[in-house]
């Protein structure tokens, strides 16, 4: 069965009075992928349809979804990862014959497993003929079909993320005119679309975004609303912005809730798609080239990394890039000088791809087990390296570097005494703007090496992030840049908040001097806004606030407040982008109850004004739609007592509001 996001239910059920305890937990896709299981493929669910089923796999550390389409004893593997044994094992266990590999496009964020599957099974590889490839494949174009048992996969050209992007529309015999499911690859995600900026130099991002506009409006949006959408990525992927962590969606739900698809004009759509994209790691272009060429098969059963001799050359950044894959605490206690800590218990693949220049002489340091796992996993993004253990380094009597991990209470005391180091927040700007531990410098980790030139290497610096994973990485970057005393905040901002220490917001100007906003330990409560107040804001101050509706998409489609945007409640709670903004964030639901709880939770994380619509959409409906429909009707003069009129029975809870004649409301309120 589908895995439920238990943290969401827990977050909603917590009262505002417990918000201080919860405030020490920062939900992000980075820290969510720090467990050992995150590096292993998991079956998310098996989706049953008439005559076929779809098995969905997830690799959390890469936010990568892949699939097996099964009908009878035939199987088609869709967008596999390079370590493809998981699909082959499933096929063998189920007694399936693999009939082919279907690639929706040339992937950039991971090395695909099409060559691995084809070598193991002898099956053909199916992909678009646009752009070509250096390996043998069957070229597909608009309208081509593949028969997999009783299922039919029809290819539809859906350019935008890349020019050659294909989507696979899957039909059953019982319903040959409407697809049951669509493998959208990176052209359409749940809550987002694929980024169009990975081909700069060959095609402009605006040109590809324009193709995405046509793909949605001329093709995908015209598909039946009930067709299920199965993308290649989820939350945490750098192939788009603000992806949902839901593993699937429907065309109808995306019509109603995907923020990018609400823009009706081409220019507005292009601007929205290009705005706020995360920076693409430098390894993306190299992985795309590998996938187009055809990755060399890997002997997964004979991974014997070569151990290099201990040498002072490993401390020279010009001669080696040493990545220490151990835990941050182990790294702090002793490491090879100038090595960078990228823990194996995290997004090792992505962070190596971000931080280590392609082609650099990579050497991994860790325990034998950690090194074997790291070598295996780095094949997923095309990196190969040699290894060394810290024990071998110590036996050679070579120097060992150490760095302090400062506890939150200790750092706070140092700051209070005026003896604190320069605090460098290495998170992304949207994370830093929403929440910070004091007067800090924001130098995002991907650019820390060059941005650190703003600082004095002779002064002590302390790096901070959410959980200490990235800040430990920053220590190594500082060392490589010549800093003499680089430290990390133990446990990160999560530990700081859990200790009840003050959280600072944006700085403000007082006269000619800039002073930090006074910290407070009091619980921040959300504000309420009435329906009348919201109506006035919409009329008099449009564009000065953000209005998000957290009801289900089908209810939002039935009736919604002008200017509102339908957003999944999980995204509102988890996405740090909602913690920042020039004006208030107003949250809307059916009756105001859930919106108030969500607003209360968010208020603990940010100084942004968070409000909930009191009474919800029901109150707004009564004030704007129902009230004008009820008008006074003069009664004719009567002689004697007026005849009695039986009272109307009370409406059942949740029933549609039925205004009296003669004027009816413009639209029913069932979605309220």
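The values are calculated or read from the model by the stated rules, or taken from the named source; none is laboratory data. This is a predicted model, so every value here is computed, not measured. Positions of Cβ are generated from backbone atoms using ideal geometry, with glycine treated the same way; all protein chains shown enter the neighbour counts.
Applying the selection to segment 315-330, what residues are touching a helix residue (DSSP H, G or I) at 6+ places or on another chain (Cβ under 6 Å) and either free of Cβ contacts under 8 Å to residues at least 12 places away in the same chain or part of a helix (DSSP H, G or I) (or both)?
Within segment 315-330, just 328 meets the criteria.
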Would you check which residues across segment 361-376 are crowded, with 22+ Cβ neighbours inside 10 Å and assigned to a helix (DSSP H, G or I) and list them?
370, 371, 374
Restricting the first residue to segment 530-557 and requiring it to be farther than 18 Å from residue 592 by Cβ, which pairs with a second residue that is surrounded by fewer than 14 Cβ atoms within 10 Å (Cβ to Cβ) meet a Cβ separation below 6 Å and a spacing of at least six or different chains?
544/583
For segment 318-329: of the residues being surrounded by fewer than 18 Cβ atoms within 10 Å (Cβ to Cβ) and modelled with pLDDT of 95 or more, which is farthest from residue 489 (Cα to Cα)?
319
Go through segment 88-115 and give me each residue that's part of a helix (DSSP H, G or I) and under 28 Å from the mean Cα position of the chain (by Cα).
90, 114
Would you check if residue 586 is part of a helix (DSSP H, G or I) and more than 17 Å from residue 190 (Cβ to Cβ)?
no
At least 3 residues that are at pLDDT 95 or above and over 30 Å from the mean Cα position of the chain (by Cα) in each: list the strands (runs of 3 or more DSSP E) lying fully within segment 132-179 that qualify.
138-140, 145-148
Restricting attention to segment 249-280, the residues that are surrounded by fewer than 21 Cβ atoms within 10 Å (Cβ to Cβ) and outside any helix (DSSP H, G or I) number exactly 10
Of 416, 459, the only residue that is surrounded by fewer than 18 Cβ atoms within 10 Å (Cβ to Cβ) and farther than 18 Å from residue 486 by Cα is 416
For the structure I just gave you, tell me whether residue 532 is exposed (fewer than 14 other Cβ atoms within 10 Å of the Cβ), at pLDDT below 90 and not in a loop (DSSP other than H, G, I, E, B).
yes
Failed condition for residue 618, given (1) in contact with a helix residue (DSSP H, G or I) (Cβ under 7 Å, 6 or more places away or on another chain); (2) closer than 19 Å to residue 534 by Cβ; (3) not in a loop (DSSP other than H, G, I, E, B), with all others met?
(1)
Filter pass, residue 295 being in a loop (DSSP other than H, G, I, E, B), at negative phi, touching a strand residue (DSSP E or B) at 6+ places or on another chain (Cβ under 9 Å) and touching a residue at least 40 places away in the same chain (Cβ under 8 Å)
yes
Residue within segment 293-303 that is at pLDDT 95 or above and closer than 30 Å to residue 210 by Cβ present
yes
Within the set of pairs 6 or more residues apart or between chains, which connect a residue that is closer than 18 Å to residue 390 by Cα inside segment 299-314 to a residue that is modelled with pLDDT under 80 with Cβ atoms less than 7 Å apart?
none
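Which is over 30 Å from the mean Cα position of the chain (by Cα), closer than 20 Å to residue 319 by Cβ and not assigned by TED's automatic domain parsing to the domain that holds residue 320, of 400, 387?
400
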Answer residue from segment 593-624, given it is more than 23 Å from the chain's Cα centre (by Cα) and free of Cβ contacts under 8 Å to residues at least 60 places away in the same chain and is surrounded by the most Cβ atoms within 10 Å (Cβ to Cβ) among those
616
With surrounded by 21 or more Cβ atoms within 10 Å (Cβ to Cβ) and touching a helix residue (DSSP H, G or I) at 6+ places or on another chain (Cβ under 8 Å) as the only criterion, which of 352, 298 stands out?
352
